[in-house]
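Single-structure report; data block below.
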Amino acid sequence: MAHQLDRATDRMRALLRTDPSAVIGYARHGLVPSLQALALDSEVLTTAQRIETADAFCAHLLAPPQGGRASDTAGACLIGLTGVLQTDATQYVPAISRAWGSIFKWINYLSESLKSAAVPAEMRTAASQTHMHIMFLLLGTEQMRQQLLATPGLVAFMVERWMALDHTVLPQFPIVTLALELLARLRPATLDDLVAHAQGDVDAVALHALAPMRLALKLRPSPTLALQLRTYAMLVASLSTGDDTPLQAAIMENGAMRGVTRILLRLSRMDILSDIDIKVGIDVSVRFVALLVECGIGINWLQQTVKEGFFEALLTIAPWLPELDENTRICSRRLIQDIIPRYLLFPSVITPIGKRLEGFTAEAESAIANSMLSSAWTSLKALSKERLEFKRALDHWTCETCGTGGQRKLFRRCSGCHLSFYCSRRCQSDGWVATHRDHCAWRRKHIMVQLDGLVSYGDQEFHRMLIAQDARDRADTIRAMAPPCDGLPHSIIITLDYTTGAQPKILLRQLGPAPSGQEDKEDSVQIRSAVRLGRRKTMGSVLMTSAMLFDSHNRVAQLLQNEAGRN
């Protein structure tokens with residue numbers, strides 16, 4: 001029977017080249033070989049004949065789903081629609097729009113009927129490919145997109161087939177692209193449907209999104225590679241949206257930042273101006289990095305993207321930024337000028353970024369030197385170098401009791417305030433008796449405020465040293481800002497705010513005369529690590545406050561000198 005159908009189809013294909021009107025007429029009467037011939041060779045038809053053919057396909061699909069001959073006819077019509085839609089889908093929208101409800105019912109019906117174990121896997125795959133391809137092509141038309149996205153059951157249909165794919169091999173590409181289009185354009189409930197279909201297993205969803213992306217990164221260059229990389233980057237970015245959702249956490253914890261950065265690096269090495277998919281992929285990747293570094297637990301994500309080659313990619317795309325999307329230009333500048341500098345307050349970030357930037361040659365940086373990122377890049381390098389040198393200097397510690405210097409690993413740290421260091425147990429004991437016991441508890445309570453465990457003691461110690469250094473460097477500015485007073489000691493808060501940019505913003509606030517008996521109390525540096533939570537806010541931003549008791553003009557210089565002596 002199958003052989004007879006194939007021979008009949010071949011005869012219709014031959015007739016199509018000489019008398020297409022006759023074949024279209026047979027198709028209107030539901031002759032399956034004519035439908036198959038039109039599906040296979042629609043390119044030989046004129047535009048008017050294609051529209052007539054699409055009308056014939058849609059007319060058959062208006063019938064209610066059922067088995068037998070009607071099922072064969074519907075299957076041939078769906079294949080035929082795939083063929084005509086690849087020419088110019090907008091021409092066939094009126095007919096398809098009128099029949100879309102019935103078309104989707106047929107897609108569901110045929111998909112369910114092919115789940116039988118007796119149906120060969122190749123046939124199920126081919127049918128699924130056809131069904132998803134139709135919707136993918138229709139999503140590319142403005143007229144049909146909204147109608148498709150509002151179709152009841154479409155999300156569940158897509159999710160079921162996407163999650164059924166074998167994540168150890170690259171899936172059929174239109175299936176992934178359709179999943180991307182739906183997830184990117186639909187309401188957040190789509191993600192809920194996705195997680196629900198996976199029975200709440202967000203790690204399984206993350207695996208289905210990330211595993212094929214990793215496989216695509218191993219592919220050799222090909223005409224479709226940029227399209228695939230762009231699609232996977234957009235899919236991961238779509239799944240990562242939301243305010244600290246479990247799905248977002250699973251996607252990020254399973255390596256989304258590493259994968260997207262590798263895609264960015266791979267795309268940056270292609271001929272950027274030759275393919276719109278390269279431009280779109282770069283835009284998506286840069287925005288993903290900027291958004292997640294800014295509003296996520298930025299230290300982790302920033303470390304990952306730097307390690308995977310973000311700076312290398314940026315150096316490559318810098319000359320082409322005027323040709324790229326405005327979002328790419330804005331996010332690139334914000335990363336270099338605003339976001340990354342705010343993280344150069346943490347030793348765990350300073351070291352990888354500083355060493356990475358030190359390793360670039362003048363030749364490698366020549367491209368960005370003549371780009372719109374030139375000044376921001378220069379400022380970032382200068383700040384990184386300054387903080388890296390400062391960090392290296394802090395690795396040489398001094399005993400608070402005897403003044404002996406040496407490598408930090410040789411010193412003992414006070415287990416109370418974590419701020420005082422000693423070269424031996426004896427010096428620690430002597431220091432405790434001499435002065436430290438009078439200040440340790442106060443330091444522990446007031447100097448170090450650790451919120452939610454997000455700022456380590458090592459980072460806090462670095463912050464203390466950094467604010468002391470920056471306060472000394474800005475002594476003249478602070479002295480000029482200090483308000484006049486009547487000669488009595490005043491309680492004045494000096495705030496160095498590092499959350500607004502690369503350089504701290506200095507703020508002074510006078511609280512009034514110091515309480516009686518407090519004038520001689522040890523002046524110390526108070527550091528508060530203010531972790532601002534929430535979307536589009538930076539986690540890990542540091543607000544450093546030096547709380548000092550002094551009369552505005554007479555004691556500020558002395559205080560800064562005293563602080564310099566202690567450090």
Largest to smallest accessible area among Phe136, Phe390 [probe 1.4 Å]:
Phe136, Phe390
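About the Cα centre of region 353-433, what is the dipole size in debye to 20, counting +1 per Lys and Arg Cβ and -1 per Asp and Glu Cβ, all else neutral?
Dipole size: approximately 420 debye.
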Arg220 versus Glu253, label points 7 Å from Cα toward the beta carbon: distance in nm?
3.9 nm
Kindly flag which residue pairs out of Lys385/Lys505; Lys218/Lys307; Lys218/Lys385 have an alpha-carbon separation exceeding 28 Å in this structure.
Lys218/Lys385
Residue-count net charge about Pro322 - beta-carbon cut-off 14 Å; Lys, Arg +1, Asp, Glu -1:
-1
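Note the full-extension length gain between Gln199 and Lys385 as 0.36 nm times their separation in residues minus their Cα-Cα distance, in nm to one decimal.
Extending this stretch completely gives an extra 62.0 nm.
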Surrounding net charge for Gln337, when Lys and Arg each add one and Asp and Glu each subtract one, Cβ distance under 15 Å
+3
Report the net charge of residues surrounding Ala382, where surrounding means a beta-carbon distance below 14 angstrom and charges are Lys +1, Arg +1, Asp -1, Glu -1.
-1
Note on region 211-370: contact order normalised by length, alpha-carbon pairs under 8 Å, 6 or more apart, percent, works out to 22 percent
For region 334-438, what ratio Rg/Rh do Cα atoms give with a Kirkwood hydrodynamic radius?
1.19
Region 52-124: relative contact order from alpha carbon pairs under 8 Å, six or more residues apart, as a whole percent, is 42 percent
Of all accessible surface on region 8-165 at a 1.4 Å probe, what whole percent is carbon and sulfur?
56 percent
Which whole-number percent gives the relative contact order of region 27-154, counting Cα pairs below 8 Å spaced six or more residues apart?
27 percent
Could you tell me which of rounded, prolate or oblate describes region 43-101, using a ≥ b ≥ c as the square roots of the eigenvalues of the alpha-carbon gyration tensor, with rounded for a/c under 1.5 and, failing that, prolate when a/b is larger than b/c and oblate otherwise?
prolate
Accessible area of region 333-401 belonging to carbon and sulfur atoms, whole % at 1.4 Å probe:
52 percent
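The values are calculated or read from the model by the stated rules, or taken from the named source; none is laboratory data. Computed from a predicted model, the values in this text were never measured in an experiment. Because the Cβ atoms are built from the backbone with ideal geometry, glycine has one as well, and the counts that use them run over all protein chains shown. Surface accessibility is based on the protein's heavy atoms, side chains included, excluding ligands, DNA and RNA. Shrake-Rupley method; radii C 1.70, N 1.55, O 1.52, S 1.80 Å.
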